[in-house]
Each structure stands twice: as structure tokens, then as C-alpha cells.
Amino acid sequence: MRRRYLNLVLLAPTLMLAACGQPANKSGAGSRGTTTTKADAPGTKLSPNEQAIVTAIARLPANGTYPNPVPAAKAAAYLGVAGCPSTVNVDRSATLTPGEAATLENSVDADLMARNPSFIRYFDRTLLDMPRDGFAQLFGQNFGSKVNGSFTQADISTEALLADHQLAHSVSSACGSAAMQASWRLVFCNPNTVVSACDPGITTTELAIDRNGQWFIWYLGSGLQ
């Protein structure tokens with residue numbers, strides 16, 4: 001059921017790294033959000049599934065677990081995301097193992113199959129507050145989709161983002177060194193597909209941070225990055 005990530009192919013260039021090369025916004029990093037980020041009005045009418053996601057997101061508190069995103073310097077509307085992940089209560093020493101990553105992905109898929117909008121609890125507000133309700137439109141159509149199998153630790157590769165020098169530099173430039181150092185990179189294809197056998201062009205790349213002992217996905221992209 002990784003079709004939900006195939007939908008990201010067209011959006012991946014605009015999700016976050018279009019901001020790369022810009023100086024980091026130092027003033028917002030590590031500070032608690034005080035305002036609520038509001039998405040623009042959707043370009044098309046939301047389906048009931050999409051509206052359920054929007055409603056669930058609106059109920060999340062902007063607090064130490066779900067703080068508002070931090071704006072990237074000179075970020076423009078075409079970036080497609082709300083900004084950069086806040087580092088409030090983020091553990092920069094946390095290690096994301098392939099087994100933990102598999103549990104995370106399986107939990108998301110289980111909620112999607114059950115049409116349970118609580119799957120949003122695994123995502124950072126940086127993605128949840130995408131403009132034009134883009135997050136809801138990406139995932140709403142996948143409610144009830146059947147997943148063929150479950151991820152195992154062999155199906156997912158994880159490493160500290162710092163190990164990927166090019167991507168780490170891009171994130172550091174856009175979001176600051178603290179967000180970069182706290183981020184872990186996940187790469188996978190489909191459940192029951194050993195990641196080492198995946199075609200790099202059809203993989204999903206995610207970035208995640210540990211906040212209050214829970215891993216949050218804050219970046220989604222398609223293709224090896």
C-alpha cells in the first residue's frame with residue numbers, strides 16, 4: 001500500500017528541499033510556537049476522508065509535543081510545507097533503528113487501513129500544516145487501502161542524517177544545524193521488500209525526529225535523496 005507515497009512523486013521537489021541553500025532562521029529554532037499555522041483554503045472541495053484529517057489536525061494542540069513549525073528564512077509559498085521542524089523537546093542523541101522505523105511505518109499503515117485519522121500523530125506539524133490542505137489530500141484517498149504485508153527491519157534503512165552529507169547540508173542550510181543533527185533518514189520501498197534490493201528511483205525517503213520519546217516524520221520525498 002505504499003501507493004500513498006507514490007502520490008508524493010509530483011510533490012517531492014516542492015515539499016521542503018526547495019528551500020535548500022537558504023540561510024537558517026536562527027531566531028525560531030528551539031523556541032515554543034506561539035501562533036497557530038493555518039493552511040490556505042483548499043483548491044478543490046475536500047472529500048469526507050480528507051475533511052476528517054483536517055479536523056483531526058485542527059484538534060492537535062500547539063504544545064511541546066506538536067509545536068508549530070519554525071519558518072525557514074525567505075521561505076516562499078511554493079515550497080509546499082509549513083517550514084522547518086521545531087526543536088522543542090527534541091532528543092538529538094536519539095537513535096532510530098530499522099526495527100523502530102518498521103514499527104512506525106506499520107502503525108501509520110494500520111491506521112490508514114482502519115480509516116483512523118489518528119495516524120497523524122506520527123507526523124510533525126511541518127507536514128501536517130502543509131498549505132492548501134495538501135497533507136489531507138495526499139493521505140485522504142488512502143483511507144481503507146489494503147496493505148500487502150508488514151514492514152520488517154530488513155525492509156527499511158535508517159541512518160543519522162549527518163551521514164548523508166549532501167542532504168544534511170541542504171537541511172542545515174534551510175532549517176539550521178540543530179534540526180539537521182536531530183534528524184534521521186529512512187529509506188524504503190514496500191512491505192516485504194528488502195530495502196537493499198529496491199530501485200533507488202522508486203524508494204520513499206523520510207526524515208524523522210524524536211520528540212518526547214516519539215518519532216515524528218517531518219519530511220517526505222520520493223526517490224533516493
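Readers should treat all values here as calculations from the given coordinates under stated rules, not as data from a laboratory. What you see is a predicted model; the values in this text were computed from it and never measured. Don't worry about glycine lacking a Cβ; one is built from the backbone with ideal geometry, like all the others, and counts go over all protein chains shown.
In region 46-195, taking the dipole from charged Cβ atoms about the Cα centre, the farthest positive-side position among Ile120, Pro61, Phe143 is held by Pro61.
Taking the empirical scaling 2.2 N^0.38 Å for compact globular proteins as reference, region 54-153 has a Cα radius of gyration ratio of 1.17.
Dipole check for region 74-205: with +1 at the C-beta of Lys and Arg, -1 at the C-beta of Asp and Glu, and the Cα centre as origin, the magnitude is about 320 Debye.
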